[in-house]
Amino acid sequence: KAGVTQTPRYLIKTRGQQVTLSCSPISGHRSVSWYQQTPGQGLQFLFEYFSETQRNKGNFPGRFSGRQFSNSRSEMNVSTLELGDSALYLCASSLYPQETQYFGPGTRLLVL
Amino acid sequence: AQSVTQLDSQVPVFEEAPVELRCNYSSSVSVYLFWYVQYPNQGLQLLLKYLSGSTLVKGINGFEAEFNKSQTSFHLRKPSVHISDTAEYFCAVSVSQAGTALIFGKGTTLSVSS
């Protein structure tokens, strides 16, 4: 079975721009979560989606948003990028919420 | 609120030596506990998990961990490490009642040398 895939793998943007990251979960998995990883803050939970509904949200500003489609694929969007948004963004999928999460390779975003 | 503390940011060891990576958590409700490993420029790979039952959990690559409720700890151990175990290791908790959001520790870098 193919693992979690994330596109693109690398991205360079400038301050003020917006960005959309994509995540395709493991086939059959219906829950998708997003995490941000930075050297300073470590791994932080962004949000979780199940059946196209956001179930849980971390402590991030409203510039960070996401959605899930009927095929369980998910996207996250960051508007008005700031330098501090430079990070590795990880997507994880699970069969259902509260099941074990399996992570993708991440999208590395650099904001200049 | 829940939190996870990984007591060592870096652990250097020689090949074939035993290793223990320490993890303590804080939570007022039941938790699920996990260890993940991250190799350079890669995502996280699940090593093992504790959901319930036996407090000694065996995972992949020869790792095991023991859940100690009284000490709120979930230390990761391996009796003999290899060079290929060099990576960053993350302990995480999930609060069952609150959904799936994983709360991670800051990570421990394991460096294995010959």
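Tabulated values for the structure
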| item | result |
| --- | --- |
| Conditions (1) touching a residue at least 60 places away in the same chain (Cβ under 8 Å); (2) in a strand (DSSP E or B); (3) within 19 Å of A:Glu48 (Cβ to Cβ); (4) of a type in the set (A, V, I, L, M, F, W, C); number of the one not met by B:Val29 | (2) |
| Selected residue (only one of B:Ser30, B:Ser9 is open to solvent by 40 Å² or more (accessible area, probe 1.4 Å), within 12 Å of another protein chain (Cβ to nearest Cβ), within 26 Å of A:Gly58 (Cβ to Cβ) and in contact with a helix residue (DSSP H, G or I) (Cβ under 6 Å, 6 or more places away or on another chain)) | B:Ser30 |
| Test: residue in the stretch B:28-50 that is of a type in the set (Ser, Thr, Tyr) and modelled with pLDDT of 95 or more | yes |
| Members of the stretch A:56-98 that are buried (at least 16 other Cβ atoms within 10 Å of the Cβ), assigned to a loop (DSSP other than H, G, I, E, B) and at the interface with another protein chain (Cβ under 10 Å from one of its Cβ atoms) | A:Gly58, A:Pro97, A:Gln98 |
| Identity of the residue in the stretch B:60-97, polar (S, T, N, Q), open to solvent by 10 Å² or more (accessible area, probe 1.4 Å) and more than 14 Å from chain A (Cβ to nearest Cβ), that ends up farthest from A:Pro39 (Cα to Cα) | B:Ser70 |
| Residue satisfying condition, being under 28 Å from B:Tyr89 (Cα atoms) and not aromatic (Phe, Trp, Tyr), within set A:Ser51, A:Ser24, A:Ser79 | A:Ser24 |
| Search result, residues across the stretch A:99-112 that are open to solvent by 80 Å² or more (accessible area, probe 1.4 Å), out of contact with any His (no Cβ under 8 Å at 6 or more places or on another chain) and facing chain B (nearest Cβ under 10 Å) | A:Glu99, A:Arg108 |
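The values are calculated or read from the model by the stated rules, or taken from the named source; none is laboratory data. Since we're looking at a predicted model, the values are computed, not measured. Note: ideal-geometry Cβ built from the backbone for every residue, glycine included; neighbour counts use all protein chains shown. Surface accessibility is based on the protein's heavy atoms, side chains included, excluding ligands, DNA and RNA. Shrake-Rupley method; radii C 1.70, N 1.55, O 1.52, S 1.80 Å.
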